[in-house]
Amino acid sequence: MTNLILRVNVTAVDSKYVTAPGNFVDVAVGDSFIFSAGSALVADGLSIPGQTDLNRAATVLAPLASTVVAHYFLADVSVNLLKEIHLAGNGNYSYVFCASFDNATASEPQLEAWDDATLATYILGCLGSGLPSSSWYKAICTTTTIPGATWVGTPLAGAGVSNVILLNAGAGALTVAKDLYFNFHVKIPAGYTTPGQYLPVLLVTYTTN
């Protein structure tokens with residue numbers, strides 16, 4: 001049996017989990033991610049906001065250019081607080097999202113995005129409306145390398161080989177316990193009118209012996 005804990009770095013220090021475990025928070029059942037422009041009421045360390053405040057802090061879109069979402073939060077229900085994932089986004093940071101495995105795996109873990117927990121479809125607008133290459137959700141494996149400034153990333157949608165992230169940098173299944181890393185951002189196309197209506201699911205999939 002191999003267990004996975006997803007952790008997020010909630011500091012501005014780009015450090016590995018093994019180096020600075022206190023910089024990371026475990027993602028637990030019931031937690032969620034919030035992507036926002038931020039506001040006085042949608043900010044690090046504040047109570048998890050209601051829908052009205054989230055709507056007021058929605059990302060303002062440009063009519064002729066795509067927009068990268070500015071703020072990424074973990075809604076930590078255990079303490080009812082927003083915890084900003086400061087290094088998430090398209091900056092040059094590696095140790096942001098950490099998938100910690102306590103044993104070997106039979107397949108290489110990979111990051112996927114789906115419409116909902118049934119993992120059956122990827123037709124939401126944010127995932128490209130059935131065209132995976134148009135997904136707003138972009139990710140990059142940073143287990144072995146830094147992503148580079150203003151990286152583009154791979155659009156996530158479904159389980160197709162061109163629209164997932166191999167978290168062991170393509171090196172295959174894990175032979176020992178290991179921490180794998182990725183970064184993530186949301187890039188919304190120009191002119192989109194309802195970016196906040198979607199609630200897709202992000203997950204790490206793997207098999208065990």
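No value in this document is a laboratory result; all are computed from the given coordinates. As the structure is a prediction and not an experimental result, all values here were calculated from the model. So basically every Cβ, Gly included, is an ideal-geometry build from the backbone, and we count neighbours across all protein chains shown.
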#### Entry: Segment A20-V60, length gained on full extension (0.36 nm per residue, minus Cα span)
10.9 nm
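Taking 0.36 nm per residue of separation and subtracting the Cα-Cα distance, what length does fully extending V13 through A28 add?
My answer for the length gained is 3.2 nm.
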#### Entry: Theoretical gain in end-to-end length, A106 to L199 [0.36 nm per residue, Cα-Cα removed]
30.5 nm
#### Entry: Per-selection Rg to Rh, the chain - Cα, Kirkwood hydrodynamic radius
0.95
### Query
Given the C-alpha centroids of the stretch 90-165 and the stretch 1-33, what is the distance between them in whole angstrom?
17 Å
## Note on the structure
the stretch 125-146 scanned against label point 7 Å out from S162 along Cα→C-beta; backbone N under 18 Å for 127-140
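Give the relative contact order (percent, whole number) for the stretch 4-205; include only Cα pairs under 8 Å separated by 6+ residues.
Once normalised by length, the contact order is 25 percent.
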### Message
Based only on other Cβ atoms within 10 Å, what is the fewest-to-most ordering of D31, D116?
### Response
D116, D31
### Query
To the nearest 20 debye, what charge dipole does the chain have about its Cα centre, counting +1 at the Cβ of each Lys and Arg and -1 at the Cβ of each Asp and Glu?
340 debye
### Task
May I ask you to derive the FRET efficiency for L4 and T52 from their Cβ-Cβ distance with R0 = 25 Å, giving the value to the nearest 0.05?
0.10
### Task
With unit charges on the beta carbon (Lys/Arg positive, Asp/Glu negative), name the residue among S32, L199, P63 whose Cα is farthest towards the positive pole of the charge dipole of the chain.
P63
